[in-house]
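*Asks:* My questions all concern the structure below.
Just so it is clear, none of the values below were taken in a lab; they were calculated from the coordinates. Model, not experiment: these values are computed from the prediction. So basically every Cβ, Gly included, is an ideal-geometry build from the backbone, and we count neighbours across all protein chains shown.
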Amino acid sequence: MPIGNLHVPGIGKNTLIPMLVVPHTLIATFIIGIAMIGAVSEFAGMVTKRPNYDKFARGAAKFQLLLFATGSWLAFTFFFALITLFPTFWSYLFNIFWWVFLAEAFMFIGEVLAAYAWYYTWDKLAYRKTVHVTIGMVSALFGLAQMIFINVVASYMMSPSNGPATSVGWTFLNPTYLPLNMHRFVGNLSYAGFLIAGWAAWRYLRSTTEENREYYDWLGHWGIMWGFGFLLLQPMIGYEYMTEIRSHEVQAFRYLMMGNKAFLFNALTIELFIMSVTSALYFLHKIKFAVKPMPRLRRWAMGTTGVLAILGVLNMIPADLYIVPQIGMVFGPKDSPQDIAIDKTPPILMGAMYPWKYIGLFGLMLIGAVVLGLYLKASAGGFLWGRVNRWSQYGLILTAVTVTLTMMTMGYARETARRGGPENWLIRGCITFQQHVVSKNCPAGSRQAP
């Protein structure tokens, strides 16, 4: 049997890989995010002497350990599947990035050891809190380093540099590497924050004691601030990421923004609308339970939430009625992506990137920051915990579900962008989906191709 010509019965190898990668990515991203939030929470508890921060941080450390086994199993299974089913691609990738995978392995070992030390020394180092907080920070930094190293591979697959593949600097600092790192760093914290808020809401709805209701109400508040606060940075960072793709891989950019996959960004704007408006409505509801009544501030929050909703609707207006051709949602014609000028006025005027989407996206950031600022001002005086209604908790659960869908939407968008153009690429300009090595435009050339 020819090497690399294996097939997985029933589902096929092209389906098996995402079945392993998607859950692994969701778990690994959450581990990185909750480790950072947990470490910051313990530090906040040490400084403020408020027990809720420490209680959450200890729970985050325990949950992190419980997730390691599942996430690691999926990662190792994925690697074995990749080596077996795509051997040419894997040989090429490992030939270039062996040092990345080696560093990743050391970072993983360091993260696991620090995470175990962080959790199991909680009581022993109760009177040496600075040392214990440092261990938690080290665990979070190891996880962050893991992400930084694996992003070298992910960004290189999209935009391999023009330098030789044997040059560590050129492969590390390829065109999309830095914006991808910022995008994932901010996304990890926002994703973990929304999931924490959703989990807290679920526990709040099931709580039967006043003490638990107060704690999970506080935890929902703590999680949503992380989720929404870092979500506000994503439009600017995402714009920079897409600008780099447009500058260096214009076919991938056209495929995503104007081709058959443009619906992914329409879906993203809907998800962004749900998360931002639901978060703002939650803030508006919580302000009613401020220890010090703030009717004027609540009126301001109500007005800015309305503006936020209008900007969200503006972002959702599509450029044309060629919505999702894959499922037949086509209500108008669409030019070929190669025939569309990037700055051409689209059929639906308010669906144009300039100026409407710029107004919508960057306006959402600014108005969202105002909404968050008003909420933080209200929270500075304290809240009456455990008083919120069930609908506010349903809203937190909705944001947790939506952010998970957003992670999958953006992950799929990034990976499928390599299919833009006449070839389906595993590494753009280097290796096709059929594992044919193209030496002419490939930075490694025939010297590195297996």
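*Asks:* Helix check for the chain. Which DSSP H runs span at least 18 Å along their own axis by Cα, with a mean Kyte-Doolittle hydropathy no less than 1.6?
*Replies:* 358-380
*Asks:* OK, next. For the chain, with the dipole built from +1 on Lys and Arg beta-carbon atoms and -1 on Asp and Glu ones, taken about the Cα centre, which of Met157, Leu398, Ala319 lies farthest toward the positive end?
*Replies:* The listed residue farthest towards the positive side: Leu398.
*Asks:* Beyond 26 Å, what percent of the Cα pairs of segment 241-419 remain?
*Replies:* Of all Cα-Cα distances in segment 241-419, 40 percent exceed 26 Å.
*Asks:* While we're on this one: Of the options Phe228, Leu205, Asn266, report the single residue whose Cα projects farthest towards the positive end of the charge dipole of segment 191-271 (beta-carbon charges: Lys, Arg +1; Asp, Glu -1).
*Replies:* Sorting the options by dipole projection puts first Asn266.
*Asks:* Let me ask something else. Which order results if Phe383, Phe80 are arranged by neighbouring Cβ count within 10 Å, fewest first?
*Replies:* Ranked by crowding around the Cβ, least crowded first: Phe80, Phe383.
*Asks:* Which entries of Lys13/Lys261; Lys288/Lys357; Lys55/Lys377; Lys55/Lys288; Lys261/Lys286 have Cα-Cα distances beyond 31 Å here?
*Replies:* Lys288/Lys357; Lys261/Lys286
*Asks:* For the chain, modelled as a GNM with alpha-carbon contacts under 10 angstrom, which of Phe101, Phe253, Phe89 fluctuates the most?
*Replies:* Phe101
*Asks:* Also, I was wondering about something else. Averaging over every viewing direction, what projected area does the convex hull of the Cα atoms of the chain cover, in nm²?
*Replies:* Convex hull of Cα atoms, orientation-averaged projection: 23.8 nm².
*Asks:* Along the charge dipole of segment 241-419, pointing to its positive end and built from +1/-1 on Cβ of Lys, Arg, Asp and Glu, which listed residue (Ile348, Tyr412, Ser276) has its Cα farthest out?
*Replies:* Final value for the positive-end residue is Ser276.
*Asks:* Then there's this: Placing unit charges on C-beta atoms (Lys and Arg positive, Asp and Glu negative, everything else neutral), compute the dipole magnitude of segment 241-419 about its Cα centre in debye, rounded to 20.
*Replies:* That gives a dipole near 940 debye.
*Asks:* Any idea what the dipole of the chain comes to, in debye rounded to 20, about its Cα centre with Lys/Arg Cβ at +1 and Asp/Glu Cβ at -1?
*Replies:* It comes to approximately 1060 debye.
*Asks:* Now a separate question. Compute the separation of the alpha-carbon centres of segment 371-412 and segment 260-327 and state it in Å as a whole number.
*Replies:* So the two Cα centres are separated by 12 Å.
*Asks:* Would you work out the relative contact order for the chain, in percent, from Cα pairs under 8 angstrom that are 6 or more residues apart?
*Replies:* 18 percent
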